[in-house]
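Structure first, commentary second.
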Amino acid sequence: ETLQRIVSTLVNKNDEIHNFIDMLNHTISNVQVNSSNAISELDEEFDGLYSVLHEMKGSMANTIQQEEARKIQALQDQLSQCSRALESSEELLELAVQSLDIKNPVELLEAARQIKDSVTVASAFRLSLKPKVSDSMTHMMVDFALEKRMLQAVKFLPVPKAPEIDVAACLVADNCITISWRMPEEDSRIDHFVLEYRKTNFDGLPRLKGEQRWELVDYIKATQYTLSGLKFDTKYMNLRVQACNKAVAGEYSDPVTLETKAFVFSLDSTTSHLNLKVEDTYVEWDPTGGKGQEKIKGKENKNRSNTASPKRSTNSPRASARGGRDRFAGESYTVLGDTAVESGQHYWEVRAQKDCKSYSVGVTYRNPGKFDQLGKTNSSWCIHINNWLQTTFSAKHNNKAKTLDIPVPDRIGVYCDFDGGQLSFYNANSKALLHTFRTKFTQPLLPGFMIWCGGLTVSTGLQVPSAVKTLQKSENGLGGSTSSLNNVA
(Lines give C-alpha, C1' and ligand atoms only; values in the text may rest on other atoms or scores of the structure.)
Protein backbone atom coordinates (compact mmCIF):
# COMPACT_ATOMS: atom_id res chain seq x y z
CA GLU A 1 0.00 0.00 0.00
CA THR A 2 2.85 2.35 0.82
CA LEU A 3 4.54 1.58 -2.49
CA GLN A 4 1.24 2.09 -4.30
CA ARG A 5 0.88 5.53 -2.70
CA ILE A 6 4.46 6.39 -3.68
CA VAL A 7 3.81 5.29 -7.27
CA SER A 8 0.58 7.28 -7.36
CA THR A 9 2.40 10.35 -6.02
CA LEU A 10 5.13 9.97 -8.63
CA VAL A 11 2.56 9.62 -11.40
CA ASN A 12 0.79 12.76 -10.25
CA LYS A 13 4.07 14.65 -9.99
CA ASN A 14 5.07 13.47 -13.49
CA ASP A 15 1.73 14.70 -14.83
CA GLU A 16 2.31 18.05 -13.14
CA ILE A 17 5.78 18.35 -14.67
CA HIS A 18 4.46 17.37 -18.12
CA ASN A 19 1.74 20.00 -17.84
CA PHE A 20 4.27 22.57 -16.66
CA ILE A 21 6.57 21.73 -19.60
CA ASP A 22 3.64 22.17 -21.98
CA MET A 23 2.85 25.49 -20.34
CA LEU A 24 6.48 26.64 -20.68
CA ASN A 25 6.57 25.65 -24.36
CA HIS A 26 3.30 27.47 -24.90
CA THR A 27 4.69 30.52 -23.12
CA ILE A 28 7.84 30.43 -25.27
CA SER A 29 5.65 30.29 -28.37
CA ASN A 30 3.59 33.22 -27.10
CA VAL A 31 6.76 35.23 -26.36
CA GLN A 32 7.91 34.68 -29.95
CA VAL A 33 4.54 35.60 -31.41
CA ASN A 34 4.15 38.67 -29.20
CA SER A 35 7.72 39.76 -29.95
CA SER A 36 7.02 39.51 -33.69
CA ASN A 37 3.82 41.50 -33.19
CA ALA A 38 5.72 44.15 -31.23
CA ILE A 39 8.34 44.44 -34.01
CA SER A 40 5.58 44.71 -36.62
CA GLU A 41 3.90 47.47 -34.62
CA LEU A 42 7.30 49.17 -34.23
CA ASP A 43 7.80 49.03 -38.02
CA GLU A 44 4.36 50.54 -38.51
CA GLU A 45 5.12 53.37 -36.09
CA PHE A 46 8.44 54.18 -37.77
CA ASP A 47 6.90 53.87 -41.23
CA GLY A 48 4.27 56.32 -40.07
CA LEU A 49 7.00 58.64 -38.79
CA TYR A 50 8.91 58.37 -42.09
CA SER A 51 5.68 59.14 -43.93
CA VAL A 52 5.06 62.22 -41.81
CA LEU A 53 8.66 63.42 -42.34
CA HIS A 54 8.44 62.77 -46.08
CA GLU A 55 5.19 64.68 -46.28
CA MET A 56 6.63 67.55 -44.24
CA LYS A 57 9.76 67.61 -46.47
CA GLY A 58 7.62 67.84 -49.61
CA SER A 59 5.48 70.61 -48.13
CA MET A 60 8.47 72.66 -46.96
CA ALA A 61 10.33 72.15 -50.27
CA ASN A 62 7.23 73.38 -52.09
CA THR A 63 7.22 76.48 -49.87
CA ILE A 64 10.87 77.17 -50.77
CA GLN A 65 10.09 76.79 -54.47
CA GLN A 66 7.17 79.19 -54.16
CA GLU A 67 9.41 81.73 -52.45
CA GLU A 68 12.02 81.28 -55.20
CA ALA A 69 9.39 81.86 -57.90
CA ARG A 70 8.05 84.96 -56.10
CA LYS A 71 11.49 86.52 -55.83
CA ILE A 72 12.47 85.73 -59.40
CA GLN A 73 9.19 87.18 -60.67
CA ALA A 74 9.73 90.38 -58.69
CA LEU A 75 13.27 90.78 -59.99
CA GLN A 76 12.21 90.05 -63.59
CA ASP A 77 9.46 92.69 -63.34
CA GLN A 78 12.06 95.18 -62.07
CA LEU A 79 14.46 94.15 -64.87
CA SER A 80 11.76 94.76 -67.49
CA GLN A 81 11.05 98.23 -66.08
CA CYS A 82 14.77 99.09 -66.16
CA SER A 83 15.13 97.86 -69.74
CA ARG A 84 12.21 100.02 -70.94
CA ALA A 85 13.55 103.02 -69.03
CA LEU A 86 17.04 102.54 -70.49
CA GLU A 87 15.68 102.29 -74.02
CA SER A 88 13.69 105.51 -73.58
CA SER A 89 16.70 107.26 -72.07
CA GLU A 90 18.98 106.25 -74.96
CA GLU A 91 16.47 107.62 -77.51
CA LEU A 92 16.29 110.89 -75.62
CA LEU A 93 20.10 111.08 -75.43
CA GLU A 94 20.40 110.56 -79.17
CA LEU A 95 17.81 113.30 -79.80
CA ALA A 96 19.72 115.68 -77.51
CA VAL A 97 23.01 115.02 -79.33
CA GLN A 98 21.33 115.74 -82.68
CA SER A 99 19.89 118.99 -81.31
CA LEU A 100 23.39 120.30 -80.65
CA ASP A 101 23.93 120.53 -84.43
CA ILE A 102 20.98 122.93 -85.00
CA LYS A 103 22.28 126.34 -86.18
CA ASN A 104 19.04 128.30 -85.98
CA PRO A 105 18.82 129.83 -82.50
CA VAL A 106 15.02 129.73 -82.44
CA GLU A 107 14.89 126.10 -83.51
CA LEU A 108 17.67 125.23 -81.06
CA LEU A 109 15.74 126.90 -78.23
CA GLU A 110 12.54 125.02 -79.13
CA ALA A 111 14.40 121.70 -79.38
CA ALA A 112 16.09 122.32 -76.03
CA ARG A 113 12.72 123.07 -74.41
CA GLN A 114 11.26 119.81 -75.72
CA ILE A 115 14.27 117.82 -74.54
CA LYS A 116 14.01 119.43 -71.12
CA ASP A 117 10.33 118.53 -70.84
CA SER A 118 11.05 114.97 -71.98
CA VAL A 119 13.85 114.56 -69.44
CA THR A 120 11.59 115.85 -66.68
CA VAL A 121 9.05 113.05 -67.24
CA ALA A 122 11.56 110.36 -68.26
CA SER A 123 11.03 107.04 -66.39
CA ALA A 124 14.77 106.59 -65.99
CA PHE A 125 14.77 109.28 -63.32
CA ARG A 126 11.92 107.61 -61.33
CA LEU A 127 13.51 104.18 -61.08
CA SER A 128 14.79 102.81 -57.79
CA LEU A 129 18.16 101.37 -58.55
CA LYS A 130 17.91 98.86 -55.69
CA PRO A 131 16.62 95.26 -56.04
CA LYS A 132 13.11 94.85 -54.64
CA VAL A 133 14.01 91.49 -53.07
CA SER A 134 17.23 90.02 -51.79
CA ASP A 135 18.84 86.85 -53.01
CA SER A 136 19.01 85.46 -49.48
CA MET A 137 17.03 82.29 -48.68
CA THR A 138 18.26 81.87 -45.11
CA HIS A 139 14.75 82.55 -43.76
CA MET A 140 13.67 79.28 -45.33
CA MET A 141 16.20 77.19 -43.42
CA VAL A 142 15.19 74.71 -40.67
CA ASP A 143 16.89 73.51 -37.53
CA PHE A 144 15.94 69.99 -36.44
CA ALA A 145 18.28 69.91 -33.46
CA LEU A 146 15.38 69.84 -30.95
CA GLU A 147 13.47 67.30 -33.00
CA LYS A 148 16.54 65.12 -33.28
CA ARG A 149 16.95 65.16 -29.52
CA MET A 150 13.27 64.27 -29.15
CA LEU A 151 13.58 61.39 -31.59
CA GLN A 152 16.69 60.18 -29.84
CA ALA A 153 14.71 60.21 -26.60
CA VAL A 154 11.97 57.96 -28.01
CA LYS A 155 11.51 54.95 -25.75
CA PHE A 156 8.96 52.25 -25.19
CA LEU A 157 5.70 53.48 -23.68
CA PRO A 158 5.87 53.60 -19.88
CA VAL A 159 3.11 52.13 -17.72
CA PRO A 160 0.81 54.98 -16.59
CA LYS A 161 0.75 55.76 -12.92
CA ALA A 162 -2.38 55.18 -10.88
CA PRO A 163 -4.85 58.11 -10.88
CA GLU A 164 -5.83 59.79 -7.63
CA ILE A 165 -9.57 60.09 -6.92
CA ASP A 166 -10.57 63.52 -5.59
CA VAL A 167 -13.06 62.51 -2.91
CA ALA A 168 -13.96 66.13 -2.14
CA ALA A 169 -15.08 66.63 -5.76
CA CYS A 170 -17.19 63.44 -5.86
CA LEU A 171 -20.94 63.96 -5.58
CA VAL A 172 -23.89 61.68 -4.84
CA ALA A 173 -27.19 63.33 -5.81
CA ASP A 174 -30.27 62.96 -8.03
CA ASN A 175 -29.79 59.20 -8.47
CA CYS A 176 -26.35 59.88 -9.94
CA ILE A 177 -22.76 59.61 -8.78
CA THR A 178 -20.16 62.01 -10.18
CA ILE A 179 -16.58 60.89 -9.63
CA SER A 180 -13.53 63.08 -10.30
CA TRP A 181 -9.84 62.18 -10.41
CA ARG A 182 -6.42 63.52 -11.42
CA MET A 183 -3.05 62.12 -12.43
CA PRO A 184 -0.22 62.44 -9.87
CA GLU A 185 1.86 64.10 -12.59
CA GLU A 186 1.28 65.37 -16.13
CA ASP A 187 1.25 62.56 -18.69
CA SER A 188 0.52 63.56 -22.28
CA ARG A 189 0.52 59.93 -23.42
CA ILE A 190 -2.69 59.04 -21.57
CA ASP A 191 -5.28 57.97 -24.14
CA HIS A 192 -8.29 57.22 -21.91
CA PHE A 193 -9.43 56.10 -18.48
CA VAL A 194 -11.35 53.07 -17.23
CA LEU A 195 -13.82 53.37 -14.34
CA GLU A 196 -14.99 50.39 -12.31
CA TYR A 197 -17.69 50.42 -9.64
CA ARG A 198 -19.71 48.00 -7.56
CA LYS A 199 -22.36 48.19 -4.89
CA THR A 200 -21.69 47.09 -1.32
CA ASN A 201 -23.08 47.28 2.19
CA PHE A 202 -19.64 47.78 3.76
CA ASP A 203 -18.18 51.23 4.31
CA GLY A 204 -14.53 50.14 4.25
CA LEU A 205 -12.21 48.94 1.51
CA PRO A 206 -13.52 46.38 -1.01
CA ARG A 207 -13.63 42.87 0.34
CA LEU A 208 -12.53 39.71 -1.41
CA LYS A 209 -15.59 37.66 -0.56
CA GLY A 210 -19.29 38.38 -0.58
CA GLU A 211 -19.05 41.32 -2.97
CA GLN A 212 -20.72 41.96 -6.29
CA ARG A 213 -18.54 41.94 -9.39
CA TRP A 214 -17.09 45.18 -10.72
CA GLU A 215 -19.07 47.02 -13.41
CA LEU A 216 -16.87 48.68 -16.06
CA VAL A 217 -17.07 51.95 -18.00
CA ASP A 218 -14.35 52.13 -20.67
CA TYR A 219 -12.81 54.81 -22.92
CA ILE A 220 -13.46 57.84 -20.72
CA LYS A 221 -11.58 60.80 -22.19
CA ALA A 222 -12.14 63.32 -19.38
CA THR A 223 -11.03 63.15 -15.73
CA GLN A 224 -14.63 63.13 -14.50
CA TYR A 225 -17.59 60.86 -15.11
CA THR A 226 -21.23 60.71 -13.98
CA LEU A 227 -22.99 57.40 -13.38
CA SER A 228 -26.67 58.15 -13.92
CA GLY A 229 -29.95 56.26 -13.57
CA LEU A 230 -28.76 54.35 -10.51
CA LYS A 231 -30.90 52.51 -8.00
CA PHE A 232 -29.37 52.83 -4.57
CA ASP A 233 -30.40 49.47 -3.15
CA THR A 234 -27.19 49.18 -1.12
CA LYS A 235 -25.60 51.53 1.38
CA TYR A 236 -22.32 52.24 -0.42
CA MET A 237 -20.51 52.04 -3.73
CA ASN A 238 -16.83 51.23 -4.35
CA LEU A 239 -15.15 53.07 -7.21
CA ARG A 240 -11.69 52.89 -8.76
CA VAL A 241 -10.02 54.29 -11.90
CA GLN A 242 -7.08 53.28 -14.08
CA ALA A 243 -5.24 55.23 -16.80
CA CYS A 244 -4.42 53.72 -20.19
CA ASN A 245 -2.09 54.82 -22.96
CA LYS A 246 -2.05 53.35 -26.45
CA ALA A 247 -0.37 50.13 -25.36
CA VAL A 248 -0.83 49.40 -21.68
CA ALA A 249 -3.10 50.06 -18.70
CA GLY A 250 -1.68 51.21 -15.40
CA GLU A 251 -2.55 50.25 -11.86
CA TYR A 252 -5.97 51.05 -10.43
CA SER A 253 -6.32 53.99 -8.10
CA ASP A 254 -6.92 53.37 -4.44
CA PRO A 255 -10.65 52.54 -4.29
CA VAL A 256 -13.00 54.98 -2.60
CA THR A 257 -16.31 54.20 -0.93
CA LEU A 258 -19.19 56.66 -1.31
CA GLU A 259 -22.35 56.45 0.77
CA THR A 260 -25.45 55.77 -1.34
CA LYS A 261 -27.96 54.77 1.31
CA ALA A 262 -31.59 55.19 0.25
CA PHE A 263 -35.03 53.89 1.22
CA VAL A 264 -35.77 50.58 -0.54
CA PHE A 265 -39.00 48.65 -0.21
CA SER A 266 -41.23 46.28 -2.15
CA LEU A 267 -45.00 45.99 -2.22
CA ASP A 268 -46.09 43.44 0.37
CA SER A 269 -48.58 41.12 -1.33
CA THR A 270 -49.56 39.66 2.07
CA THR A 271 -51.04 43.06 3.00
CA SER A 272 -52.97 43.59 -0.22
CA HIS A 273 -56.67 43.50 -1.01
CA LEU A 274 -57.86 40.33 -2.75
CA ASN A 275 -58.72 42.34 -5.87
CA LEU A 276 -55.13 43.45 -6.38
CA LYS A 277 -52.39 41.62 -8.27
CA VAL A 278 -49.11 42.56 -6.60
CA GLU A 279 -45.51 42.18 -7.73
CA ASP A 280 -42.41 43.67 -6.10
CA THR A 281 -42.89 47.19 -7.47
CA TYR A 282 -46.17 46.92 -9.38
CA VAL A 283 -49.82 46.63 -8.33
CA GLU A 284 -52.79 46.15 -10.64
CA TRP A 285 -56.55 46.08 -10.15
CA ASP A 286 -58.00 42.61 -10.88
CA PRO A 287 -61.74 42.39 -10.06
CA THR A 288 -62.38 38.88 -11.37
CA GLY A 289 -59.40 37.30 -9.67
CA GLY A 290 -60.37 38.82 -6.38
CA LYS A 291 -63.91 37.45 -6.41
CA GLY A 292 -62.70 34.00 -7.26
CA GLN A 293 -60.14 34.10 -4.47
CA GLU A 294 -62.76 35.30 -1.97
CA LYS A 295 -64.99 32.31 -2.74
CA ILE A 296 -62.13 29.88 -2.41
CA LYS A 297 -60.98 31.50 0.79
CA GLY A 298 -64.52 31.28 2.22
CA LYS A 299 -64.68 27.55 1.59
CA GLU A 300 -61.25 27.03 3.09
CA ASN A 301 -62.21 28.96 6.20
CA LYS A 302 -65.28 26.78 6.71
CA ASN A 303 -63.24 23.60 6.38
CA ARG A 304 -60.25 24.53 8.44
CA SER A 305 -61.79 26.85 11.01
CA ASN A 306 -59.13 29.22 12.34
CA THR A 307 -56.08 27.35 11.00
CA ALA A 308 -53.51 29.87 9.70
CA SER A 309 -51.98 29.58 6.25
CA PRO A 310 -48.45 28.09 6.43
CA LYS A 311 -47.27 30.91 4.16
CA ARG A 312 -48.77 33.49 6.48
CA SER A 313 -47.82 32.22 9.86
CA THR A 314 -48.50 34.64 12.68
CA ASN A 315 -44.94 34.04 13.83
CA SER A 316 -43.53 35.89 10.83
CA PRO A 317 -42.33 39.50 11.33
CA ARG A 318 -44.76 40.85 8.74
CA ALA A 319 -47.72 39.00 10.21
CA SER A 320 -46.98 40.22 13.72
CA ALA A 321 -46.53 43.76 12.40
CA ARG A 322 -50.00 43.57 10.85
CA GLY A 323 -51.53 42.37 14.06
CA GLY A 324 -52.75 39.18 12.38
CA ARG A 325 -54.55 40.90 9.48
CA ASP A 326 -54.02 39.06 6.21
CA ARG A 327 -55.66 41.45 3.74
CA PHE A 328 -57.74 44.55 3.26
CA ALA A 329 -61.39 44.07 2.39
CA GLY A 330 -64.44 45.90 1.14
CA GLU A 331 -63.59 49.01 -0.87
CA SER A 332 -60.17 49.43 0.75
CA TYR A 333 -58.24 48.36 -2.34
CA THR A 334 -54.94 48.85 -0.55
CA VAL A 335 -51.42 47.42 -0.52
CA LEU A 336 -48.60 48.48 1.81
CA GLY A 337 -44.83 48.57 1.52
CA ASP A 338 -42.85 45.88 3.31
CA THR A 339 -40.40 48.27 5.03
CA ALA A 340 -41.29 50.91 7.61
CA VAL A 341 -39.95 54.45 7.86
CA GLU A 342 -38.77 54.96 11.43
CA SER A 343 -36.36 57.90 11.05
CA GLY A 344 -34.55 60.06 8.51
CA GLN A 345 -35.50 61.58 5.17
CA HIS A 346 -36.65 59.34 2.32
CA TYR A 347 -37.99 59.64 -1.22
CA TRP A 348 -39.80 57.36 -3.67
CA GLU A 349 -41.85 57.81 -6.84
CA VAL A 350 -45.08 56.41 -8.24
CA ARG A 351 -46.30 56.25 -11.85
CA ALA A 352 -49.95 55.47 -12.70
CA GLN A 353 -51.21 53.88 -15.90
CA LYS A 354 -52.90 56.36 -18.24
CA ASP A 355 -56.28 54.58 -17.98
CA CYS A 356 -56.18 54.39 -14.16
CA LYS A 357 -59.61 55.43 -12.78
CA SER A 358 -58.76 56.07 -9.14
CA TYR A 359 -55.70 55.78 -6.93
CA SER A 360 -54.12 57.13 -3.75
CA VAL A 361 -50.47 57.49 -2.74
CA GLY A 362 -49.35 58.14 0.83
CA VAL A 363 -48.28 56.68 4.17
CA THR A 364 -50.00 55.05 7.12
CA TYR A 365 -49.18 53.74 10.57
CA ARG A 366 -48.55 50.00 10.74
CA ASN A 367 -52.02 48.68 11.58
CA PRO A 368 -54.76 50.28 9.51
CA GLY A 369 -58.19 48.72 9.81
CA LYS A 370 -59.27 46.08 7.35
CA PHE A 371 -61.81 48.41 5.78
CA ASP A 372 -59.84 51.65 6.24
CA GLN A 373 -58.98 53.75 3.23
CA LEU A 374 -55.91 55.98 2.92
CA GLY A 375 -56.60 59.51 4.11
CA LYS A 376 -59.89 58.65 5.80
CA THR A 377 -58.29 57.96 9.19
CA ASN A 378 -56.21 60.10 11.54
CA SER A 379 -53.29 57.68 11.04
CA SER A 380 -52.89 57.97 7.26
CA TRP A 381 -52.00 60.76 4.83
CA CYS A 382 -52.26 60.71 1.04
CA ILE A 383 -53.06 62.50 -2.16
CA HIS A 384 -55.93 61.04 -4.17
CA ILE A 385 -56.59 61.15 -7.91
CA ASN A 386 -60.03 60.27 -9.27
CA ASN A 387 -60.42 60.03 -13.05
CA TRP A 388 -63.92 58.56 -12.97
CA LEU A 389 -66.36 60.77 -14.95
CA GLN A 390 -64.28 63.87 -14.17
CA THR A 391 -60.80 64.36 -12.79
CA THR A 392 -60.40 65.43 -9.16
CA PHE A 393 -57.08 65.90 -7.34
CA SER A 394 -57.02 66.24 -3.57
CA ALA A 395 -54.99 65.81 -0.38
CA LYS A 396 -56.64 63.66 2.30
CA HIS A 397 -56.19 63.09 6.02
CA ASN A 398 -58.56 62.20 8.85
CA ASN A 399 -61.49 61.95 6.40
CA LYS A 400 -60.98 65.55 5.27
CA ALA A 401 -60.05 66.49 1.72
CA LYS A 402 -58.39 69.59 0.28
CA THR A 403 -58.79 70.10 -3.46
CA LEU A 404 -55.53 70.68 -5.31
CA ASP A 405 -56.19 73.02 -8.22
CA ILE A 406 -53.18 71.92 -10.27
CA PRO A 407 -52.66 69.45 -13.14
CA VAL A 408 -52.14 65.83 -12.16
CA PRO A 409 -48.57 64.75 -13.05
CA ASP A 410 -47.90 61.40 -14.66
CA ARG A 411 -45.26 60.67 -11.99
CA ILE A 412 -45.55 61.60 -8.30
CA GLY A 413 -42.62 61.94 -5.91
CA VAL A 414 -43.12 61.28 -2.19
CA TYR A 415 -40.77 62.91 0.34
CA CYS A 416 -41.02 61.82 3.97
CA ASP A 417 -39.06 63.56 6.72
CA PHE A 418 -39.99 61.39 9.70
CA ASP A 419 -38.03 63.30 12.34
CA GLY A 420 -39.11 66.68 10.94
CA GLY A 421 -42.76 65.63 10.81
CA GLN A 422 -43.21 66.41 7.14
CA LEU A 423 -44.76 64.53 4.21
CA SER A 424 -44.55 66.26 0.81
CA PHE A 425 -45.70 65.29 -2.67
CA TYR A 426 -44.02 66.52 -5.83
CA ASN A 427 -44.34 66.45 -9.58
CA ALA A 428 -41.50 63.97 -10.09
CA ASN A 429 -40.64 65.41 -13.50
CA SER A 430 -40.52 69.14 -12.71
CA LYS A 431 -40.01 68.74 -8.91
CA ALA A 432 -42.84 71.26 -8.39
CA LEU A 433 -44.43 70.95 -4.95
CA LEU A 434 -47.97 69.52 -4.99
CA HIS A 435 -48.83 69.45 -1.28
CA THR A 436 -47.25 69.17 2.18
CA PHE A 437 -48.58 67.64 5.41
CA ARG A 438 -46.96 68.69 8.68
CA THR A 439 -47.48 66.64 11.82
CA LYS A 440 -45.61 64.74 14.52
CA PHE A 441 -45.25 61.09 13.60
CA THR A 442 -45.50 58.91 16.69
CA GLN A 443 -45.30 55.49 15.04
CA PRO A 444 -43.34 53.97 12.15
CA LEU A 445 -44.83 54.70 8.73
CA LEU A 446 -45.52 52.27 5.90
CA PRO A 447 -45.87 53.45 2.29
CA GLY A 448 -49.47 52.88 1.24
CA PHE A 449 -51.21 52.65 -2.14
CA MET A 450 -54.85 52.37 -3.16
CA ILE A 451 -55.81 51.47 -6.72
CA TRP A 452 -59.10 50.93 -8.58
CA CYS A 453 -59.25 50.11 -12.28
CA GLY A 454 -55.65 50.46 -13.38
CA GLY A 455 -52.11 49.93 -12.15
CA LEU A 456 -49.28 51.66 -10.28
CA THR A 457 -45.50 51.28 -10.62
CA VAL A 458 -43.32 52.21 -7.64
CA SER A 459 -39.67 53.31 -7.91
CA THR A 460 -37.58 52.98 -4.74
CA GLY A 461 -33.90 53.19 -3.88
CA LEU A 462 -33.85 56.85 -4.94
CA GLN A 463 -31.81 59.67 -3.49
CA VAL A 464 -33.70 62.74 -2.31
CA PRO A 465 -33.38 64.99 -5.42
CA SER A 466 -31.37 68.18 -5.06
CA ALA A 467 -34.34 70.24 -6.25
CA VAL A 468 -36.50 68.74 -3.47
CA LYS A 469 -33.82 69.50 -0.86
CA THR A 470 -33.71 73.10 -2.08
CA LEU A 471 -37.49 73.44 -1.93
CA GLN A 472 -37.52 71.93 1.55
CA LYS A 473 -34.99 74.47 2.81
CA SER A 474 -37.00 77.29 1.25
CA GLU A 475 -40.29 75.96 2.61
CA ASN A 476 -38.91 75.39 6.10
CA GLY A 477 -37.43 78.86 6.06
CA LEU A 478 -40.85 80.35 5.44
CA GLY A 479 -42.30 78.48 8.42
CA GLY A 480 -45.99 77.85 9.07
CA SER A 481 -48.24 75.10 7.77
CA THR A 482 -48.88 74.21 4.17
CA SER A 483 -51.91 72.05 4.84
CA SER A 484 -55.24 72.65 6.51
CA LEU A 485 -55.53 68.89 7.16
CA ASN A 486 -52.60 68.57 9.57
CA ASN A 487 -52.83 67.16 13.04
CA VAL A 488 -50.41 66.47 15.83
CA ALA A 489 -50.86 62.79 16.51
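Here R351 meets the list (1) open to solvent by 20 Å² or more (accessible area, probe 1.4 Å); (2) touching a strand residue (DSSP E or B) at 6+ places or on another chain (Cβ under 6 Å); (3) part of a loop (DSSP other than H, G, I, E, B) almost entirely, failing just condition (3). Evaluate segment 316-326: report whether one residue or more is assigned to a loop (DSSP other than H, G, I, E, B), modelled with pLDDT under 90 and either in contact with a Phe, Trp or Tyr (Cβ under 6 Å, 6 or more places away or on another chain) or of a type in the set (A, V, I, L, M, F, W, C) (or both). No, that holds for no residue.
Of the candidates D218, D233, D174, D203, the single residue that is touching a His at 6+ places or on another chain (Cβ under 9 Å) and farther than 30 Å from K57 by Cα is D218.
Residues of segment 155-173 that are touching a strand residue (DSSP E or B) at 6+ places or on another chain (Cβ under 8 Å), open to solvent by 30 Å² or more (accessible area, probe 1.4 Å) and part of a loop (DSSP other than H, G, I, E, B): V159, K161, A162, D166. The set of residues in segment 402-434 being surrounded by 14 or more Cβ atoms within 10 Å (Cβ to Cβ) and free of Cβ contacts under 8 Å to residues at least 60 places away in the same chain consists of L404, V408, P409, G421, Q422, S424, Y426, N427, K431, A432, L433, L434. For segment 225-275, a residue qualifies if it is at pLDDT 90 or above, open to solvent by 60 Å² or more (accessible area, probe 1.4 Å), in contact with a Lys or Arg (Cβ under 8 Å, 6 or more places away or on another chain) and not acidic (D, E), and exactly one does: Y252. Any chance segment 45-63 includes a residue that's free of Cβ contacts under 8 Å to residues at least 12 places away in the same chain and within 19 Å of S134 (Cβ to Cβ)? Looking through segment 45-63, none of the residues is free of Cβ contacts under 8 Å to residues at least 12 places away in the same chain and within 19 Å of S134 (Cβ to Cβ). The residues of segment 445-461 that are within 28 Å of K261 (Cα to Cα) and either of a type in the set (F, W, Y) or assigned to a loop (DSSP other than H, G, I, E, B) (or both), listed by number, are F449, T460, G461. On inspection, E68 fails the criterion of being of a type in the set (D, E), more than 30 Å from V133 (Cα to Cα) and either modelled with pLDDT of 95 or more or part of a helix (DSSP H, G or I) (or both). Restricting attention to segment 354-379, the residues that are without any contact (Cβ under 8 Å) to a residue 60 or more places away in the chain and surrounded by fewer than 18 Cβ atoms within 10 Å (Cβ to Cβ) total 6. Of all residues in segment 139-147, one or more are out of contact with any helix residue (DSSP H, G or I) (no Cβ under 8 Å at 6 or more places or on another chain), closer than 30 Å to C244 by Cα and not acidic (D, E). Of all residues in segment 103-133, those satisfying the criterion of being of a type in the set (S, T, N, Q) and either assigned to a helix (DSSP H, G or I) or outside the structural domain of C82 (by the TED database) (or both) are Q114, S118, T120, S123.
What number of residues within segment 380-391 are closer than 14 Å to F449 by Cα and either surrounded by fewer than 20 Cβ atoms within 10 Å (Cβ to Cβ) or not aromatic (F, W, Y) (or both)?
Just the residues of segment 380-391 that are closer than 14 Å to F449 by Cα, to begin with: 380-386.
If we keep only those that are either surrounded by fewer than 20 Cβ atoms within 10 Å (Cβ to Cβ) or not aromatic (F, W, Y) (or both) as well, we get 380, 382-386.
The total comes to 6.
One residue stands out in segment 121-154 among those that are open to solvent by less than 100 Å² (accessible area, probe 1.4 Å) and among the polar types (S, T, N, Q): the one that is farthest from I64 (Cα to Cα), namely S123.
The values are calculated or read from the model by the stated rules, or taken from the named source; none is laboratory data. None of these values were measured; they are calculated from a predicted model. Note that each Cβ is placed from the backbone with ideal geometry, even for glycine, and that neighbours are counted across all protein chains shown. Protein only, heavy atoms only, side chains kept; ligands, DNA and RNA dropped before computing areas. Shrake-Rupley method; radii C 1.70, N 1.55, O 1.52, S 1.80 Å.
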